[in-house]
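Reviewing the structure listed below.
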């Protein structure tokens, strides 16, 4: 039996380019549907090929327009592109406008581009919890490049680092964002700084200030983030932005940083998945098992504190193993 024949039917369909199967599987991943489990597991070995490029930065800096411009540039280069646009969710309904799709300019008959809007559903870090797995599905589906646009939620926009091999931090002149990046923590995650809307006054000052911050930063990897000016109105700088991405991806390969970064990202993912599963199991058991119900009762009545209760849970789990 061939490797392809061993794949679940939906996985085989995704590999051969079935966009409907891809979209349905992504929906199942977003919804936590167990039907996606076998598909995601089976396609993991086919991922790890496509660069994942993240665009982060405050709301209103033009990330969606930049994504559209980058898609146009990549299609002109003959590259296929998968795009994930993460939008903020309502804290009341969990719903999302998913408006990034409106700004993406592409021909409706162009099957070299696949765009998926995803609601953040309260996930911290400016990216939806399922984004990592969806980016792998796009990779396994054969797309050459995966672009991820974050929510644009400022200080919690940094989790893109756990997904993207190259992170672009986007700012604009005259909004103070070029200084706020350092305060917001975005400075530490930037592989490339993009000063967008350089057709506005103050663009050169913003680029200079960021270049000075980069010179003072001195990242441990040896990569100095370039500062690229862009405008989607003129337009200008899109080629230079993509060239900076290519340069960073090349640096990752030549320096060994790609392997180190991938190990760090996967370590974080494994611990996160394990923590979620253990947490859900313990939550269920605290109400279902009499001994654990008594432990919870002791905390509620203030006979013991939550830390002591957690210690007992952990030590009990260890003894059970």
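Here are a few things to note about the model shown:
- Applying the set (1) surrounded by fewer than 19 Cβ atoms within 10 Å (Cβ to Cβ); (2) farther than 30 Å from residue 229 by Cβ to residue 10 leaves exactly one unmet item: (1).
- Going through (1) free of Cβ contacts under 8 Å to residues at least 24 places away in the same chain; (2) over 30 Å from the mean Cα position of the chain (by Cα); (3) assigned to a helix (DSSP H, G or I) one by one, residue 313 falls short only on (1).
- Residue within region 249-266 that is modelled with pLDDT of 95 or more, in contact with a strand residue (DSSP E or B) (Cβ under 9 Å, 6 or more places away or on another chain) and either under 21 Å from residue 168 (Cα atoms) or surrounded by 12 or more Cβ atoms within 10 Å (Cβ to Cβ) (or both) present: yes
- Of all residues making up region 111-157, the number that are at pLDDT 70 or above and either part of a loop (DSSP other than H, G, I, E, B) or touching a strand residue (DSSP E or B) at 6+ places or on another chain (Cβ under 7 Å) (or both): 26
- Residues (assigned to a helix (DSSP H, G or I), buried (at least 18 other Cβ atoms within 10 Å of the Cβ) and modelled with pLDDT under 70) located in region 52-101: 100
- Selection within region 196-208 - crowded, with 18+ Cβ neighbours inside 10 Å and over 25 Å from the mean Cα position of the chain (by Cα): 198, 203, 206, 207
- Filtering region 215-234 to residues that are exposed (fewer than 15 other Cβ atoms within 10 Å of the Cβ), modelled with pLDDT of 85 or more and more than 23 Å from the chain's Cα centre (by Cα) leaves 222, 233, 234.
- Within region 235-244, the set of residues being modelled with pLDDT of 95 or more and either in contact with a helix residue (DSSP H, G or I) (Cβ under 7 Å, 6 or more places away or on another chain) or crowded, with 20+ Cβ neighbours inside 10 Å (or both) comprises 237, 238, 239, 241, 242, 244.
- Annotation note: Cβ proximity below 7 Å between a residue of region 184-208 that is in the same structural domain as residue 174 (by TED's automatic domain parsing) and farther than 24 Å from residue 222 by Cβ and a residue that is surrounded by fewer than 20 Cβ atoms within 10 Å (Cβ to Cβ) and at pLDDT 90 or above (sequence gap 6+ or interchain) occurs for 198/236; 199/233.
The values are calculated or read from the model by the stated rules, or taken from the named source; none is laboratory data. Since we're looking at a predicted model, the values are computed, not measured. Because the Cβ atoms are built from the backbone with ideal geometry, glycine has one as well, and the counts that use them run over all protein chains shown.
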